[in-house]
Amino acid sequence: MFNKMLVAIDGSDMSEKAFDAAVHLAKEQQAELSILHVGREAVVATSSLTGIVYVPKHFIDEIRDQVKKEGLKILENAKEKAAENGVQAEIIYANGEPAHEILNHAKEKGISLIVVGSRGISGLKEMMLGSVSHKVSQLSPCPVLIVR
């Protein structure tokens, strides 16, 4: 039924649950599994962060490099865990807005199921901020499993 799956992880407990569910389903369905981590770039007024208006480019590059390094570590650990459970997976690191990147990769790869974790926000907060899982479920061309 599902031959290509995409799971988005961010290192949180909820994404760990989503990952476990995706690995289980991929093994059961004998499906290809792609593991995606999106390094989200924070936009912060530099003066509030450092007390100065100018921030050297190398400082910003160092932060980006560290974010990528941590993201790749999360992905490598997930790939190893999938392999231990008999599932071969590809890992994908991307930068940008998480919902947008998840949807883009799903479309590019012809994904038949997206698996994401729920942040557990609801009501007014979700309506005002929106959640990644909500955006993905509303805009996805394929089924989305939201794990709680």
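The values are calculated or read from the model by the stated rules, or taken from the named source; none is laboratory data. What you are looking at is a predicted structure, and each value in this text was computed from that prediction instead of being measured. FYI the Cβ positions are ideal-geometry reconstructions off the backbone, even for glycines, and counts take in every protein chain you see. For the accessible areas, the whole protein counts, side chains as well, though only heavy atoms, and no ligand, DNA or RNA atoms are used. Shrake-Rupley method; radii C 1.70, N 1.55, O 1.52, S 1.80 Å.
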Self-check item: Inter-label distance for Lys27 and Gln66, nm, one decimal - labels placed 7 Å from Cα along Cα-to-Cβ
Solution: 3.6 nm
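Could you tally the net charge around Val23, taking each other residue with its Cβ under 14 Å from the Cβ of Val23, Lys/Arg +1 and Asp/Glu -1?
Values: positive: Lys17, Lys27, Lys79, Lys81; negative: Glu16, Asp20, Glu28, Glu32, Glu80, Glu84, Glu90.
Counting the neighbours of Val23, the net charge comes to -3.
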Self-check item: Solvent-accessible ranking of Arg148, Arg119, largest area first, probe 1.4 Å
Solution: Arg148, Arg119
